[in-house]
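A short worksheet on the structure shown next.
The values are calculated or read from the model by the stated rules, or taken from the named source; none is laboratory data. Nothing here was measured: the structure is a model prediction, and the numbers come from that model. With ideal geometry, Cβ positions are generated from the backbone for all residues, glycine too; neighbour counts draw on all protein chains shown. For the accessible areas, the whole protein counts, side chains as well, though only heavy atoms, and no ligand, DNA or RNA atoms are used. Shrake-Rupley method; radii C 1.70, N 1.55, O 1.52, S 1.80 Å.
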Amino acid sequence: MADVYLHGHHTSVLASHGVRTAADSAAYLLPHLRAGQRVLDVGCGPGTITLDLAEAVGPSGAVLGVENVPGPLEQARRSAAARGDHRTRFELADVMALPYAAGSFDVVHAHQVLQHLTDPVGALREMARVTRAGGLVAVRDVDYASMVWHPASDGMTRWLELYRRLARLNHAEPDAGRQLVAWAHAAGLTRLTPSASLWTYATPEQSAWWGGVWARRTLESTFATQAMERGLATPEELAEVSAAWRAWSTHPDAWFAMTHAEVLAHV
Ligand SMILES: C[S@@+](CC[C@H](N)C(=O)[O-])C[C@H]1O[C@@H](n2cnc3c(N)ncnc32)[C@H](O)[C@@H]1O
């Protein structure tokens, strides 16, 4: 079964992924990184986290970001050039069949990737295969059912319902976070350090940004085209969902939180 990446790579999606940092997305991993390590970042998207990981392992380290589609790699290479990073490499590779020898990396990382795959356990096995004995596999995924917000609205409730239904129709798992430990066990990984962390959008600036991102993504990204192609929503319904995000984004009491699960697996 081929993976369908629900978000797609529309500019509205890359813009929201392109503000991520290792500090806000991989804090559980940063204390374990050392100068000189070889790091693979699987499903690196626009590469901002990847480039932060490269800073953490320093000029003696080697970081490679991979994607199974070329679109985000171009943005990642541009970001690297803008940061003056001429060492980090970005290339095409599928997490289900990584073109690297066993034990090639000290750390293999994936942020918000397993939730989009039809076989997350197979992906973890492949990530572990290319990790050296004594190295780390590091994964972090959100759990969509954990998303809570205020004020409530029918439009945003409909958005979450649509997203979770679409992900399941793609044979992916929107509530991935709660299953990371189970998937790691199923992949044969036994020495685990699990943790969890929240993203919150609670200041006027944060809610304006987050609400604005989803107001656009609801109308312009693959989420919109898939929802219509699958017959789950009409353009009018999507316009209502987008308007609900816009209204939330400017509400003075706006508050949103979501849980992310993290697993460090000691290979
Ligand atoms: C939600 S994005 C996360 C991007 C980045 N890790 C971040 O957090 O900013 C998930 C990424 O995984 C990539 N992806 C999906 N399936 C993949 C696969 N089979 N192999 C490699 N990358 C994949 C998608 O193209 C997408 O860019």
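Annotations for the structure displayed:
- Selection of trypsin sites (Lys or Arg not before Pro), the range 1-107, meeting DSSP coil and at most 15 other Cβ within 10 Å: 34, 83, 87
- For residue 176, distant residues with modelled amide H under 5 Å away: 144
- Debye log10 I(q)/I(0) for the chain, one point scatterer per Cα, at q = 0.09 Å⁻¹: -0.40
- Each peptide in 243-253, 127-137 gets a packing score, the mean of other Cβ atoms within 10 Å over its residues, and the list from highest to lowest is 127-137, 243-253.
- The HN-Hα couplings worked out from phi for the range 17-34 by the Karplus form 6.51 cos²θ - 1.76 cosθ + 1.60 (θ = phi - 60°) are 6, x, 9, 6, 10, 5, 5, 8, 10, 9, 4, 5, 8, 3, x, 9, 8, 10 Hz, whole numbers, x standing for Gly and Pro.
- For the chain, the solvent-accessible area with a 1.4 angstrom probe is 42 square angstrom per residue.
- If you look at the Cα atoms of the range 138-203, you get an Rg and a Dmax of 14.5, 43 Å.
- Expressed in Å, the radius of gyration and Dmax of the Cα atoms of the range 76-152 are 15.9, 51.
- Rounded to the nearest 10 degrees, the inclination of helix 120-129 to the longest alpha-carbon principal axis of the chain is 20 degrees.
- Residues residue 225 and residue 247, FRET efficiency given R0 of 22 Å [Cβ-Cβ distance, rounded to 0.05]: 0.40
- Crossing angle, helix 71-82 versus the chain [Cα axis fit, 0-90 degrees, rounded to tens]: 70
- Close amide H contacts of residue 38 (hydrogens built in the peptide plane, cut-off under 5 Å, sequence separation of 5 or more or a different chain): 62, 106, 107.
- Bridges between two residues of the chain, per DSSP, are antiparallel at a rate of about 50%.
- In the chain, the longest principal axis of the Cα atoms and the axis of helix 235-249 are about 80 degrees apart.
- Here the Karplus relation 6.51 cos²θ - 1.76 cosθ + 1.60, evaluated at θ = phi - 60°, turns the backbone of the range 193-199 into coupling constants of 10, x, 8, 8, 8, 9, 9 Hz, with x for every Gly and Pro.
- Under Karplus coefficients 6.51, -1.76 and 1.60, residue-wise ³J(HN,Hα) of the range 131-145 in Hz, glycine/proline x: 8, 6, 4, x, x, 10, 9, 10, 10, 9, 9, 6, 10, 4, 5
- The figure for residue 260 is an accessible area of roughly 0 square angstrom, using a 1.4 Å probe on the protein chains alone.
- Cβ-defined net charge surrounding residue 154, 11 Å radius [Lys, Arg +1; Asp, Glu -1]: -2
- Dividing the summed -39500 (n - 2.57) terms of all DSSP H runs of n ≥ 4 by the residue count of the chain sets its mean residue ellipticity at 222 nm at -12000 deg cm²/dmol.
- In the chain, Cα pairs under 8 Å separated by at least six residues give a relative contact order of 22 percent.
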